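Reading through the structure tokens given below for one structure.
Bear in mind these aren't lab numbers, they're just calculated from the coordinates by the rules spelled out. Remember, predicted model here, so these are calculated numbers, not experimental data. With ideal geometry, Cβ positions are generated from the backbone for all residues, glycine too; neighbour counts draw on all protein chains shown.
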Amino acid sequence: MEQYIGVGRRKTATARCYLRPGRGRVLINRHDPEEYFGRLWQMDHALEPLDVVNARGKYDVLINVRGGGLTGQAGAIRLGIARALVEADPEHRQHLKAEYMLRRDPRVVERKKYGRRKARKRFQFSKR
């Protein structure tokens, strides 16, 4: 059986996406996307690459995702699906690249520093 794999990361989330020719079934950690994501926009964001290349009903997508929160996982799934689509058909690359879907979002949480309340926030200053 033909299968295409794409790995996506965002913040601390990692998603492994497996594309197989099929009828458009999507499973995220063995759950339905509507059931897995509490918010509709997260599901739309995660599955956006399929809509860009009009492949919604052409592939079955199996996704294993772990780490981070739901927003980070949605971004990781988006990148993973986009990379798998490019592996399936290199002609999809130009359409996905034009929509910035093949770019890994480099933003991560800044570490907490000593003597501070958070990464940049300071404790309240008292003059007297």
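Side notes on the structure shown:
- Long-range neighbours under 9 Å by Cβ, at least six apart or interchain, first residue surrounded by fewer than 12 Cβ atoms within 10 Å (Cβ to Cβ) within segment 18-45, second in a strand (DSSP E or B) and acidic (Asp, Glu): ARG23/ASP60
- Residue that is farthest from LYS11 (Cα to Cα), among those in segment 74-105 that are free of Cβ contacts under 8 Å to residues at least 12 places away in the same chain and assigned to a helix (DSSP H, G or I): GLN94
- Of the residues making up segment 63-77, just one is surrounded by fewer than 22 Cβ atoms within 10 Å (Cβ to Cβ) and in contact with a helix residue (DSSP H, G or I) (Cβ under 6 Å, 6 or more places away or on another chain), namely LEU70.
- So GLN94, is it more than 21 Å from ASP105 (Cβ to Cβ) and polar (S, T, N, Q): no
- Residues located in segment 80-128, provided they are farther than 30 Å from TYR59 by Cβ and acidic (Asp, Glu): GLU110
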